[in-house]
1. Would you check which residues across the stretch 170-184 are at pLDDT 85 or above and crowded, with 19+ Cβ neighbours inside 10 Å and list them?
2. Tell me, yes or no, whether the stretch 154-161 has at least one residue that is assigned to a strand (DSSP E or B) and closer than 18 Å to residue 111 by Cα.
3. Could you tell me which of the residues 163, 95, 116, 106 is modelled with pLDDT under 75, closer than 18 Å to residue 32 by Cα and surrounded by fewer than 19 Cβ atoms within 10 Å (Cβ to Cβ)?
4. Of everything in the stretch 45-81 that's at pLDDT 85 or above and in a loop (DSSP other than H, G, I, E, B), which residue is surrounded by the most Cβ atoms within 10 Å (Cβ to Cβ)?
5. Give me the pairs: first residue in the stretch 180-197 and assigned to a loop (DSSP other than H, G, I, E, B), second residue buried (at least 20 other Cβ atoms within 10 Å of the Cβ), beta-carbon distance under 6 Å, and six or more apart or on different chains, which are they?
6. Do we have residue 133 as modelled with pLDDT of 90 or more, more than 16 Å from residue 111 (Cα to Cα) and surrounded by fewer than 16 Cβ atoms within 10 Å (Cβ to Cβ) here?
7. What pairs come out if I take residues in the stretch 132-146 that are at positive phi and without any contact (Cβ under 8 Å) to a residue 60 or more places away in the chain and pair them with residues that are surrounded by 11 or more Cβ atoms within 10 Å (Cβ to Cβ) and in a strand (DSSP E or B) whose C-beta lies under 7 Å away, six or more apart or interchain?
8. For the stretch 186-211, which positions are in contact with a helix residue (DSSP H, G or I) (Cβ under 7 Å, 6 or more places away or on another chain) and either buried (at least 16 other Cβ atoms within 10 Å of the Cβ) or modelled with pLDDT under 90 (or both)?
């Protein structure tokens, strides 16, 4: 009788744990990461090129949230992506997206992405938790993007931005494999873009943020 009772208890225990294993596990985007890159429709940014004084403007066209299965193919585990689709006023510029991704066990990433028919080009802007000199893959195995500097403050045309993260990408596939520097601020987005090979620097001069 005792043996039967033990077997019943073990069976129930196994069933309970087995049910728990089948529960869907979703890794959501961290609220802190949303402060860096989640912008709603109605948000816009205006940039000026330092040398030519050319103006370019960008705005949020739409925002989409998706759930994706982990690559280990455990079907009850998913990660959340929040994709902000951005459009540019200049017809020559390709439209792009800012993506917040909760994929990974230790970090969550904020990326700058350009979609096209042949492939998807990605450049990491930062990750949570934020660390100086942190590196990310770039266009090939021998090149990378990294956290170059974290400024306490950075001034652009009288606007003083706090806690600015500067990312250096040796081979930014989003911008035709050019070396690039992107400066990003919490609750605002990209405030400065530097492309040394073509002698271009774009500064944020006006913006309207809706989060």
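1. 180, 182, 183, 184
2. Taking the stretch 154-161 first, the residues assigned to a strand (DSSP E or B) are 154-156, 159-161.
Adding the requirement that they be closer than 18 Å to residue 111 by Cα leaves none.
No, the stretch 154-161 contains no residue that is assigned to a strand (DSSP E or B) and closer than 18 Å to residue 111 by Cα.
3. Result of the check over 163, 95, 116, 106: 106.
4. 50
5. Matching pairs, first to second residue: 186/36.
6. No, not satisfied.
7. 133/146; 133/147
8. Start the filter on the stretch 186-211 by keeping residues that are in contact with a helix residue (DSSP H, G or I) (Cβ under 7 Å, 6 or more places away or on another chain), which leaves 186-187, 189, 195.
Passing the criteria: 186, 189, 195.
The values are calculated or read from the model by the stated rules, or taken from the named source; none is laboratory data. Keep in mind that what you see is a predicted model, and the values were worked out from it rather than measured. Counting neighbours? That spans all protein chains shown, and the Cβs are built from the backbone with ideal geometry, glycine included.
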